[in-house]
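Just so it is clear, none of the values below were taken in a lab; they were calculated from the coordinates. Being a predicted model, the structure only gives us computed values, none of them experimental. Every residue, glycine as well, gets a Cβ built from its backbone with ideal geometry; the counts of neighbours run over all protein chains shown.
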There are 2 protein chains.
Amino acid sequence: MKHALPVTREQDFAAWYQAVIAEADMAEDSGVRGCMVIRPWGYGVWERMQRILDDAIKATGHENVYFPLFIPLSYFEKEAEHVEGFAKEMAVVTHHRLKGDGQGRLVPDPDSKLEEPLIVRPTSETVIGTAFAKWVRSWRDLPVLINQWANVVRWEMRTRMFLRTSEFLWQEGHTVHATRDEAVAETERMLEVYRRFAEDALALPVVAGEKPENERFPGADATHSIEAMMQDGKALQAGTSHFLGQNFAEAQGIRYQDKDGGLATAWTTSWGVSTRMIGAVIMVHGDDDGLRLPPRIAPWQVVIVPMLRDDEGDAAILDYCRALADDLNGQVTLGEPIRALVDARHPKASVKRWAWVKKGAPIVLEVGGRDVAGGNVSVIRRDRLYNETGKLMSTVTARDEFAAAAPALLAEIQGALHNEARARLDAGIRLGVTDFAALQAMFADGEKNPGWAEVQWSRPTGDQLDAVVERLKAMKLTIRNAPQGQAPADGACIFTGEPAVERILVARAY
Amino acid sequence: MKHALPVTREQDFAAWYQAVIAEADMAEDSGVRGCMVIRPWGYGVWERMQRILDDAIKATGHENVYFPLFIPLSYFEKEAEHVEGFAKEMAVVTHHRLKGDGQGRLVPDPDSKLEEPLIVRPTSETVIGTAFAKWVRSWRDLPVLINQWANVVRWEMRTRMFLRTSEFLWQEGHTVHATRDEAVAETERMLEVYRRFAEDALALPVVAGEKPENERFPGADATHSIEAMMQDGKALQAGTSHFLGQNFAEAQGIRYQDKDGGLATAWTTSWGVSTRMIGAVIMVHGDDDGLRLPPRIAPWQVVIVPMLRDDEGDAAILDYCRALADDLNGQVTLGEPIRALVDARHPKASVKRWAWVKKGAPIVLEVGGRDVAGGNVSVIRRDRLYNETGKLMSTVTARDEFAAAAPALLAEIQGALHNEARARLDAGIRLGVTDFAALQAMFADGEKNPGWAEVQWSRPTGDQLDAVVERLKAMKLTIRNAPQGQAPADGACIFTGEPAVERILVARAY
């Protein structure tokens, strides 16, 4: 069976990932260090994600806002842990004007040097917290529930498209609460919003849980994540929700008058997901023919390819295709109108077919003169491209029958991709790794796809935790999270031998 | 008649503008030089604008993309006029890491100095054109029609919320075409998209036309604009569309193989509108009680204020309000479902009423126990707040009657705001200013609201144009544009005395 990509997942997973991005026209290098260009198909997926997640964020009572790109350096000095975590990788603006150097080149004008350098936001707790301190006066002002869609910059030495880029797009939610309990509940509520978004919209099975202390967001009291399993068995953190305790509120002076007239310090949270999610979708759903998009986030769900011959029959074929697209677009699936496109742009039908297969359009229809005459369409399902003998499946179906079944078919494809990924995740988590030697054997060199290990631990802290992290690091492993709703620990800690208190997932990760 | 704002338009238009922004919770100072915080109500208006304009941009065949925030300095050196126009006001990133200075403060780490400084994009022709040069190979690749929603930075010395901020949000369209005619047609098409968006969505009457040579975008062969008239008679450029000729294509090497196999240089355009539009909406539709929002861009079109008394009757009032909101939200007006909100948050109904009046919600409903008993609502129309005697108009209306009439009423308010602004624009353009002395008299000191002058000119160039610009500048005047569809010139140029070739609008401007 010949595939549409120059490299398979089996041959070289990293090269395959880059090939999908290139062949599906998702993104490309920009020529600007560490930054990518998100092309229309990639950005279209992001727009679908934004729309769905934004609705969910608003449905839980949050409002969108916009805060400045630049943060004065001094804002970072207030929360010590926070700056420690971020100071190593921030873009610093020092001048506000250019001038000629007299030799035809431009240089920063020394006269325009800023008194205080500005940081391009790596995340916005510091600048948003400063506003919170002004906004919050009384218990009546609480909770404050806001979110912003923005670009952020973290200087990265080794970059990888969508997964790790110096600039990326994300949403960051920030909230203020009167009590610890309310802030904790908010942290958990938004983690659940992310979990459902991943599962329902992206068909991405994830494990939600709390990160270990060493993996917390700088300045947080607790960090929760959703973790997805890529097809090479590595983990990818697909979203995080932070309980910030009173750390930022104290540093920034977010205080309120409580019902008894006393002055109380508030509690804050923050939470975010980014364009990284697109990388997860590629590595979970892609195959050796390119991307496979869950219908809910496919910019076009049904692409109709007219097989034109440059003769007088073309007009009838095009009319037939357009009428079918109109029929489809008038129907609803997965809560929204179907998105069907007639691709009449390029000349060769087979080129178009493979272009849309590589882009991952859930359904590709081909329509030639014979289909028009017979009232049919040839249906290609992206999630089931080949039959058992490795032959491309293009099923001739009565046009009206297809149109009537299209909403259910798209919903079925959404479910099929989710089921496939769910089965892989479930099979990929190895239970019963009860001692460190077993963990070492599982992740021995040469194991191509070891998956994740669920192990029990005593939740060590301080130096003892550092030692655990170092032992794992030597094996290129990290602790992903302690899954929600887990069975009680009943064994010994595989690191310390002490009685275990919880189960954690250990894995290689992106 | 007492008004909700501390200052009226008549007393101090600039202070009134700031008061509307503050009292309507649109935006606030961020503490970061030249940057503002866009608060939920202001950002909600921007989201409405984005949704409507984005649909129009897509309906004309454009796709969204995302390009990097940072542009290497050398990219700016390619197009000489362009860099000349922008070099004076750009944020320059020179370092990518901070370090402690040993005294508890952070400073840019000298070891992290960039070899080539990065510019925070003031506009993206240079970086997008670099990608175009890769994307465009053959005539089959043309046209390329893309757009991005992004933040941009232009260092501004004197800033004013929404109108002129160092960072602002906008969309920038960029296109490549095979021929001059197609690029010119695109420039005009997008100007028309902007004109219709302003008139239909923002209820903002504008004059579309071509800017004079001295007001062109740096590097453009022609710049077109839509100009709106504020209530103080000043002009505000609300959107621009640029025909870039082959200037950028030549500088960046955007070439394609034409149908005959030859190599041809392409033609490009760019066009944009920004958060500035929000400033225009405020200054066109606001009154002495705050903002008045056209229903199409109001985050909430109908706000229902329950008049609660903290007793057992409250539950019935709330139920009544929520059922009404459900009824309204199930109906469609102006092409979309109605957006109705029950504001049950704060205790005092009168405070809520005035908060929503200041925010400019098109319709505010008050519902007390007596209304529930009688099956009524008290209706306040934001566009007709007072009767002839200066008394607040709150009209008791049968609830079912109101609900049935709401779609038409919202459409009527949209039209009424547009008509009012249209009449003001038409009345504010003075025709028949046939000599320079008349222009001087019109804009004499002390004339509070002179409006705009339509004058005829010979379209001078070079030094002669410079002299005209200087004479106007001395009177704080600028040429706005040469309106589309104007009557043929039939007089003498008021600047040169030569036979006129076109009519132009002269005005003070933001």
Original post:
For region B:387-510, what is the Kirkwood estimate of the hydrodynamic radius, computed as the reciprocal of the mean inverse distance between distinct Cα atoms, to one decimal in Å?
Top reply: 17.6 Å
Original post:
Given H placed 1.01 Å from N in the peptide plane, which residues other than close sequence neighbours of residue A:376 have an amide H under 5 Å from its amide H?
Top reply: A:399
Original post:
Could you give the distance between the Cα centres of region A:431-469 and region A:254-272, to the whole Å?
Top reply: 40 Å
Subject >> Exercise: per-residue mean of other protein chain Cβ atoms within 10 Å, B:34-45 >> reply: 5
Original post:
With each label point set 7 Å from Cα along the Cα-Cβ vector, what nm distance links residue B:501 and residue A:393?
Top reply: 6.8 nm
Subject >> Point-to-point label distance, residue A:492-residue A:180, nm (Cα→Cβ direction, 7 Å offset) >> reply: 3.4 nm
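Given Cα positions, please report Rg to Rh for region B:300-412, the hydrodynamic radius being the Kirkwood one.
Numbers: Rg = 13.3 Å, Rh = 14.1 Å.
Computed over Cα atoms, the ratio is 0.94.
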**OP:** State the answer as a single residue: which of A:411, A:431, A:397 lies farthest towards the positive end of the charge dipole of region A:394-438, with beta carbon charges of +1 for Lys and Arg and -1 for Asp and Glu, about the Cα centre.
**Re:** A:431
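Counting other Cβ atoms within 10 Å, which trypsin sites (Lys or Arg not before Pro) in region B:1-72 have at most 15 and lie in a DSSP loop?
On the way: sites: B:2, B:9, B:33, B:48, B:51, B:58; in loops: B:2, B:9, B:33.
Loop-located and lightly packed - B:2.
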Original post:
Sorted by mean Cβ packing within 10 Å, highest first, what order do the peptides A:416-422, B:170-176 take?
Top reply: B:170-176, A:416-422
**OP:** Calculate how steeply helix B:125-135 sits against the longest principal axis of the alpha-carbon atoms of chain B, using the helix alpha-carbon long axis, and give the answer as 0 to 90 degrees to the nearest 10.
**Re:** 70 degrees
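What ranking do A:193-202, A:359-368 get when scored by the average of other Cβ atoms within 10 Å per residue, highest first? All intermediate terms of the calculation are to be shown ahead of the outcome.
Values: A:193-202: 21.6, A:359-368: 25.1.
Result, highest mean first: A:359-368, A:193-202.
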Original post:
When all alpha-carbon pairs of region A:1-132 are counted, what percent fall beyond 19 Å?
Top reply: 72 percent
Original post:
Where does helix A:314-329 land angle-wise versus the long Cα axis of chain A, in degrees 0 to 90, nearest 10?
Top reply: 40 degrees
Original post:
Which residues in region A:341-369 have a backbone N closer than 18 Å to a point placed 7 Å from the Cα of residue A:312 along the Cα-to-Cβ line?
Top reply: A:369
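With N set to the number of residues, divide the alpha-carbon radius of gyration of region B:67-145 by 2.2 N^0.38 Å and report two decimals. Please list the in-between numbers first.
Values: Rg = 17.2 Å, N = 79, 2.2 N^0.38 = 11.6 Å.
The value comes to 1.49.
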Original post:
Which three lengths, in whole Å and largest first, does region B:66-105 cover when its Cα atoms are put on their principal axes?
Top reply: 45, 25, 14
Original post:
For the protein assembly as shown, max minus min Cα coordinate along each principal axis, in Å, sorted largest first?
Top reply: 95, 83, 68
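Ignore the peptide's own chain and count Cβ atoms of other chains within 10 Å of each Cβ in A:152-161; give me the average, rounded.
On the way: counts 1, 7, 1, 6, 1, 1, 0, 0, 0, 0.
Per-residue shielding by partner chains comes out at 2.
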Original post:
Dipole of region B:326-370 (Lys/Arg Cβ +1, Asp/Glu Cβ -1, origin at the Cα centre): which of B:349, B:361, B:333 lies farthest to the positive side?
Top reply: B:349
**OP:** Enter the mean number of other protein chain beta carbons within 10 Å of the beta carbon of each residue in A:130-140, as an integer.
**Re:** 2
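Which order do the peptides B:480-486, A:307-313, B:126-132 come out in when sorted by mean C-beta neighbours inside 10 angstrom, highest first? Please report the intermediate quantities before stating the final value.
Details: B:480-486: 17.9, A:307-313: 12.7, B:126-132: 24.6.
Taking the mean over residues of other Cβ atoms within 10 Å, the ranking is B:126-132, B:480-486, A:307-313.
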Subject >> Table column - 3J(HN,Hα) (Hz), region A:95-112, Karplus curve with 6.51, -1.76, 1.60, x for Gly and Pro >> reply: 9, 10, 7, 10, 8, x, 8, x, 10, x, 10, 9, 9, x, 6, x, 5, 9
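What translational diffusion coefficient, in µm²/s and rounded to a whole number, does the Stokes-Einstein relation yield for region B:394-465 at 25 °C and a viscosity of 0.890 mPa s, taking the hydrodynamic radius as the Kirkwood radius over Cα pairs?
Values: Rh = 16.5 Å.
Value of D from the Cα-based Kirkwood radius: 149 µm²/s.
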Subject >> Cα-centre dipole for region B:33-78 with unit charges at Cβ (Lys and Arg positive, Asp and Glu negative), debye to 20 >> reply: 220 debye
Original post:
What gaps in nm, shortest first, separate residue A:437 from its twins in the other copies when you place the label 7 Å past Cα toward the beta carbon?
Top reply: 10.9
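Could you work out the helix-only [θ] at 222 nm for chain A, with each DSSP H run of four or more residues adding -39,500 (n - 2.57) and the total divided by the number of residues, to the nearest 500 deg cm²/dmol?
Details: 14 runs with 169 residues, N = 510.
Rounded to the nearest 500, the figure is -10500 deg cm²/dmol.
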Subject >> Angle between chain A longest axis and helix A:399-428 axis [Cα atoms, degrees, rounded to 10] >> reply: 40 degrees
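Taking the square root of 5 times each eigenvalue of the Cα gyration tensor, what semi-axes in Å does the equivalent ellipsoid of chain B have, largest first? Write out the running numbers ahead of the final one.
Details: eigenvalues 376, 178, 115 Å².
Value: 43, 30, 24 Å, ordered largest first.
In debye, nearest 20, what is the charge dipole magnitude of region A:365-510 about its Cα centre with +1 on Lys and Arg Cβ and -1 on Asp and Glu Cβ, if you could check? Provide the component values of the computation, followed by the final result.
Numbers: 17 positive and 19 negative charges, 73 e Å.
In total the dipole reaches around 360 debye.
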Original post:
For region A:443-477, list residues with backbone N below 11 Å from a point placed 7 Å from the Cα of residue A:430 toward its Cβ?
Top reply: A:443-445, A:447-454
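Please give the charge dipole size of the protein assembly as shown, origin at the Cα centre, charges +1 on K and R Cβ atoms and -1 on D and E Cβ atoms. Round to the nearest 20 debye.
Working: 118 positive and 144 negative charges, 47 e Å.
With only Lys, Arg, Asp and Glu charged at Cβ, the dipole is about 220 debye.
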Original post:
How far is the Cα center of region A:300-314 from the Cα center of region B:276-291, in Å?
Top reply: 49 Å
**OP:** Distance check, please: which entries in A:211/A:476; B:88/B:211; A:58/A:476; A:99/B:234 exceed 28 angstrom between their Cα atoms?
**Re:** A:58/A:476; A:99/B:234
**OP:** Starting from a label point 7 Å past Cα on the Cβ side, list the distances from residue A:250 to the same position in the other copies, nm, shortest first.
**Re:** 6.5
Original post:
How far is residue A:100 from itself in the other copies, in nm, if each label sits 7 Å out from Cα along the Cα-Cβ line, shortest first?
Top reply: 4.6
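Just to confirm a number: summing +1 for Lys and Arg and -1 for Asp and Glu over residues other than residue B:134 whose beta-carbon lies under 14 angstrom from that of residue B:134, what do you get? Intermediate values should be presented prior to the final figure.
On the way: positive: A:39, B:137, B:255; negative: A:25, A:28, A:29, B:141.
Within the 14 Å Cβ shell, the charges total -1.
Quick check: net charge around residue A:285, other residues with Cβ under 9 Å of its Cβ, Lys/Arg +1 and Asp/Glu -1?
Numbers: positive: A:292; negative: A:287, A:383, A:420.
It works out to a net charge of -2.
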Original post:
Short version: ³J(HN,Hα) in whole Hz for each residue of region A:362-372, in order, from phi by Karplus 6.51 cos²θ - 1.76 cosθ + 1.60 (θ = phi - 60°), x for Gly and Pro, what are they?
Top reply: x, 10, 10, 10, 10, 10, x, x, 5, 4, 4
